[in-house]
Amino acid sequence: MSEAPKPAAENPESSGTPKPEAPAAAPMPPAAPRPEPKSGAAAAASKPQPKAAAPGSPKPEAKAAPPGPPDQAPPADLPVPAYVTALQSGLAGAVEHVSFWVGDWTVIVTAARFAEACTFLRDTPGCQFDYLSDLTAVDWPARAEKRFDLVASLYSTTLRQRVRVKARLAEAETVPSVTGVWPAANWLEREVFDMFGVTFSGHPNLRRMLMPFDWQGHPQRKDYPLEGPGELLMESPQDWLKARQAAVEADSE
Amino acid sequence: MQTDTPRPMFDTDELVINMGPQHPSTHGVLRLILKLDGERVLDCDPVIGYLHRGIEKLSENRDYTQIVLLTDRMDYVAAATNNLGYVETIEKLYSIEVPRRARYIRTILSELQRVASHLLWLGTHAADLGALTVLLYGLRERELVLDLFEEYCGARLTYNTMRIGGQPVDVPPGWDKKVLAFCDVQEQKLPEYEQLLTSNRIFMERTKDIGIITAADAIAVGLCGPPLRASGVYRDVRKDEPYAAFDEMEFDVPLGVRGDTYDRYLVRLEEFRQSIRIIRQAVQGIPEGPIMGKVPRLIKPPAGETYHAIEAPKGELGYFVVSDGKSVSPYRFRVRPPSFCNLQALPKLVKGHLVADVVALIGTIDIVLGEVDR
């Protein structure tokens with residue numbers, strides 16, 4: 001993969017910038033159960049409280065990338081659905097965190113056991129998540145060691161329930177493919193590979209999906225330039241950025 | 001075609017050919033690499049991305065309110081449902097209450113859009129199979145829907161007709177009567193299509209037992225919408241996870257039995273009737289009241305993420321939006337396009353069929369390349 005070196009070269013600068021509170025792997029400390037004004041009904045619990053602004057530290061530059069998703073812990077009085085507890089007890093150690101927000105349950109599993117957790121969720125009675133709605137990724141460049149979130153939205157056509165499974169990945173980390181669990185993942189994983197550069201082991205045909213086969217870089221990464229196009233941009237987005245910066249400086253002088 | 005004693009002069013070779021991206025029956029810029037044995041398709045590899053405009057990336061650099069009109073450009077023959085899915089996702093993320101009247105208007109618009117989208121599908125699908133009359137009939141009725149949309153919001157194709165929190169404008173006076181009149185017209189025209197196609201011997205020969213997919217396969221490969229239901233899977237987002245005002249509507253979900261192209265045709269034809277049924281209920285039961293909920297001046301949802309799906313004419317249209325709580329643009333904007341997921345099943349469907357059936361099968365999964373590529 002010829003494009004691999006470039007983002008890797010880019011990474012140190014992006015991981016160098018974030019503020020000192022970087023041990024962001026643990027999401028947003030205020031995991032202390034949010035003060036719930038109206039305790040009770042799930043409906044009330046699903047009302048999000050606007051978060052108290054992130055811990056102090058006024059950012060010098062306004063465009064500082066957020067360190068990661070909040071992954072709010074569920075309110076203590078909300079019953080945890082059976083499929084979440086089944087996964088927690090069935091695959092001990094795989095579940096890192098359980099999160100609930102505006103009615104959606106999210107289970108965060110370790111990247112190495114992502115496919116295992118998916119197989120479990122598909123096959124276990126009471127879970128039966130036989131339908132892969134969506135598989136995508138989110139780039140959090142400020143989260144130094146685990147840059148990507150891999151996000152799968154699952155649905156059960158028999159039990160009519162939904163869950164989201166997430167895994168945190170490092171930049172060069174390879175995650176086991178779930179094409180064996182749901183063939184639907186084939187193109188979705190190709191798109192994640194194309195757009196984010198996440199590689200899947202065991203994928204039958206890991207090629208670019210939407211971009212041309214000779215495209216350089218991965219457009220959905222946060223450090224990929226928005227403007228374009230141009231020959232240099234196609235060949236090397238980072239060089240193109242430098243060239244543009246030089247042009248802007250020459251212009252202002 | 002294999003013969004028992006192949007003569008060297010007439011021996012057959014596997015042939016790899018390109019179909020598209022400029023082929024008229026691919027409904028846009030879809031390129032299929034077909035591996036053929038004579039007329040029979042051994043393998044098929046769709047190549048997409050010719051219409052990729054980076055709508056997801058673009059949306060991450062636009063305000064929440066500006067994204068509505070980008071969603072128009074995905075499935076451009078069903079812009080209203082794209083709008084609906086997007087605004088409902090942000091409303092869910094922001095916990096905005098939408099007034100009941102606005103939800104009814106949205107229901108009417110999305111079902112009108114379903115009728116319009118299915119009409120275009122019906123016409124082009126039939127035209128691909130040689131029945132050109134149906135295309136003219138379908139476009140004739142679609143024009144009536146476009147007129148209704150034009151009267152409601154001023155546009156005929158890319159409507160930009162929904163806002164986060166409600167509807168930008170109320171229905172114009174007399175519009176409801178016109179919608180009901182359209183329902184009557186559409187219901188009268190449906191037998192015309194059926195007369196032309198349903199027991200048409202050529203149409204049946206071209207569609208029956210073509211591209212059969214079982215229920216288990218359809219679920220596994222991620223089919224959604226009418227193709228999934230034609231395989232006998234009871235799955236309709238309007239029923240399972242009601243949105244807009246669908247929880248107050250009475251309608252049936254048509255299911256197929258065999259999962260072939262003919263069943264997919266029948267399912268969509270029945271969906272016309274159910275959509276008309278929903279439109280009538282919504283128009284007659286539309287409540288009075290405001291059309292816009294309480295929305296902050298600056299749309300800036302609290303940090304969090306959500307996935308929300310609606311039943312677009314093509315299938316499950318989902319939006320996954322991540323907000324960082326600090327910015328007026330989404331941190332991550334992801335669309336789960338139904339056409340993309342349905343197109344993925346095409347190689348499975350076409351295997352073993354003739355090249356001419358590939359055309360029928362592209363038609364039957366009802367793709368719009370603007371949505372596949374985004």
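The values are calculated or read from the model by the stated rules, or taken from the named source; none is laboratory data. If you're wondering where the values come from, they're calculated on a predicted model, not measured in any experiment. Cβ coordinates were reconstructed from backbone atoms using ideal geometry, including for glycine residues, and neighbour counts include every protein chain displayed.
Kindly indicate the residue of region B:319-332 that is of a type outside the set (S, T, N, Q) and more than 10 Å from chain A (Cβ to nearest Cβ) and also farthest from B:Leu369 (Cα to Cα) among those meeting that condition. Top of the filtered list is B:Val328.
Would you please name the residue that is farthest from A:Leu154 (Cα to Cα), looking only at residues in region A:168-189 that are at the interface with another protein chain (Cβ under 10 Å from one of its Cβ atoms) and touching a Leu at 6+ places or on another chain (Cβ under 7 Å)? So, considering only residues that are at the interface with another protein chain (Cβ under 10 Å from one of its Cβ atoms) and touching a Leu at 6+ places or on another chain (Cβ under 7 Å), the one farthest from A:Leu154 (Cα to Cα) is A:Leu188.
Taken over region B:311-320, the residue count meeting the criterion of being more than 18 Å from A:Leu154 (Cβ to Cβ) and among the aliphatic types (A, V, I, L, M) is 1.
Give region A:195-222 a look and list any residue that's among the polar types (S, T, N, Q), within 9 Å of another protein chain (Cβ to nearest Cβ) and touching a Pro at 6+ places or on another chain (Cβ under 6 Å), or say none. Result: no residue meets the conditions. Taking region B:36-73 only, how many residues are more than 14 Å from chain A (Cβ to nearest Cβ), more than 23 Å from B:Leu157 (Cα to Cα) and not small (Gly, Ala, Ser)? Count: 6.
For region A:114-151, filtering for residues that are at the interface with chain B (Cβ under 10 Å from one of its Cβ atoms), in contact with a Lys or Arg (Cβ under 8 Å, 6 or more places away or on another chain) and farther than 21 Å from B:Tyr234 by Cβ leaves 6. Look at (1) basic (Lys, Arg); (2) in contact with a strand residue (DSSP E or B) (Cβ under 7 Å, 6 or more places away or on another chain); (3) over 30 Å from B:Ile96 (Cβ atoms) and you find that B:Arg238 fails only one, number (3). When A:Tyr83 is tested against (1) under 27 Å from B:Gln344 (Cβ atoms); (2) out of contact with any Cys (no Cβ under 6 Å at 6 or more places or on another chain); (3) at pLDDT below 90, exactly one condition is not met: (2). Taken together, the criteria place B:Glu187 among residues that are over 25 Å from B:His27 (Cα atoms) and either surrounded by 14 or more Cβ atoms within 10 Å (Cβ to Cβ) or out of contact with any Phe, Trp or Tyr (no Cβ under 6 Å at 6 or more places or on another chain) (or both). Figure legend. Inter-residue proximity from region B:54-74: first residues free of Cβ contacts under 8 Å to residues at least 40 places away in the same chain, second residues surrounded by fewer than 22 Cβ atoms within 10 Å (Cβ to Cβ) and of a type in the set (Lys, Arg), beta-carbon distance below 8 Å, spacing 6+ or different chains. Indicated pairs: B:Leu70/B:Arg62. For the structure I just gave you, tell me whether B:Arg280 is modelled with pLDDT of 90 or more and touching a helix residue (DSSP H, G or I) at 6+ places or on another chain (Cβ under 6 Å). Here the answer is yes, as B:Arg280 does meet what is asked.
Residues in region B:301-308: is at least one in contact with a strand residue (DSSP E or B) (Cβ under 7 Å, 6 or more places away or on another chain), in a strand (DSSP E or B) and within 30 Å of B:Cys183 (Cβ to Cβ)? Checking region B:301-308: at least one residue is in contact with a strand residue (DSSP E or B) (Cβ under 7 Å, 6 or more places away or on another chain), in a strand (DSSP E or B) and within 30 Å of B:Cys183 (Cβ to Cβ). Among the helices (runs of 4 or more DSSP H) confined to region B:220-297, the ones with at least 2 residues that are among the hydrophobic types (A, V, I, L, M, F, W, C) are located at B:226-230, B:261-284. Restricting the first member to region B:38-49 and to residues that are hydrophobic (A, V, I, L, M, F, W, C), and the second to residues that are in a loop (DSSP other than H, G, I, E, B), the beta-carbon pairs closer than 6 Å and six or more apart or on different chains are B:Val41/B:His353.
A residue that is out of contact with any Ser or Thr (no Cβ under 6 Å at 6 or more places or on another chain), surrounded by fewer than 20 Cβ atoms within 10 Å (Cβ to Cβ), without any contact (Cβ under 8 Å) to a residue 60 or more places away in the chain and within 14 Å of chain A (Cβ to nearest Cβ) occurs nowhere in region B:196-206.
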